[in-house]
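FYI, it's all coordinate maths here, none of it is from the lab. Keep in mind that what you see is a predicted model, and the values were worked out from it rather than measured. A quick note on method: Cβ atoms are made from the backbone with ideal geometry, for glycine too, and the neighbour counts reach across all protein chains shown.
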Amino acid sequence: MRKIIAFGASSSKTSINKQLATFAANQFENASVEVLDLNAYEMPIYSVDKENENGIPKLATDFYAKLGSADVIVISFAEHNGAYAAAFKNILDWTSRINAKTFQEKELLLLATSPGPRGGSTVLDSAAKRFPFQGGVVKGVFSLPNFNDNFNAEKGITNEDLKKELAEIIKSI
């Protein structure tokens, strides 16, 4: 049985990206799923001065260990001004100080969604290009546009073409 670690790269308590990551992670067959909440890993904003004064926070080592325990990591990105949400970027900054290969050669399924028609595609493209340099093996990339029109909390993805597209990606991982 494969272990899936999933999270929405957002600190929103009602994160649509956490909903999408949870849905996608639960589509894997023969897998156990653990969904992380980034709010459980809130740390001071990274700076060299803070690292020199206090070291790396235990929450960063905890997050790094969670990534290391996975066979597959499913991340769905909130897009803030075309980039990662600050909460995720801060966790990534701290965790990269433990090991620049933050993702530890784990397979990644990268997702994004937004209420708009581009579905977070700018941040998704950025992550897909960047994460291989940080030890991620990007196995699939999927954007869900118009979240409110294409996703239902009980049913998941409601657009059959998009649901089939994600299912094919998951099957290939």
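Shape analysis of the chain based on the Cα gyration tensor places the equivalent ellipsoid semi-axes at 27, 17, 14 Å, largest first.
The calculated FRET efficiency for the pair Ile56 and Phe133, based on their C-beta separation and a Förster distance of 25 Å, comes to about 0.80.
Compute the acute angle (0 to 90°) between the alpha-carbon long axis of helix 86-96 and the principal axis of greatest extent of the alpha-carbon atoms of the chain; round to the nearest 10°. Taking the Cα atoms of the chain, the angle to 86-96 is about 60 degrees.
Whole-Hz Karplus values for the stretch 26-33 come out as 7, 8, 6, 8, 6, 9, 9, 10 Hz, taken residue by residue from phi with 6.51 cos²θ - 1.76 cosθ + 1.60 and θ = phi - 60°; glycine and proline positions read x. In terms of the mean number of neighbouring beta-carbon atoms within 10 Å, the peptides 22-33, 5-16, 155-166 order highest first as 5-16, 22-33, 155-166. The label-point distance for Asp125 and Ala100, in a model that sets each label 7 Å from Cα toward Cβ, rounds to 2.7 nm.
Spin-label pair Glu42-Val141: with each label point 7 Å from Cα along the Cα-Cβ axis, the two points sit 3.2 nm from one another.
Put a dot 7 Å past the Cα of Glu34, heading toward its Cβ, do the same for Asn81, and the two dots end up 3.4 nm apart. Of all beta bridges that DSSP places with both ends in the chain, some 10 percent have antiparallel geometry.
Strictly over 24 Å apart at the Cα level, which of Lys58/Lys171; Lys50/Lys101; Lys66/Lys155 would you flag in this model? From the list (Lys58/Lys171; Lys50/Lys101; Lys66/Lys155), the Cα-Cα distance tops 24 Å for Lys58/Lys171; Lys66/Lys155. Only Cα pairs under 8 Å and 6+ residues apart enter the sum, and on that basis the relative contact order of the stretch 65-123 stands at 50 percent.
Rounded to the nearest 10 degrees, the angle from helix 160-171 to the longest Cα principal axis of the chain is 50 degrees.
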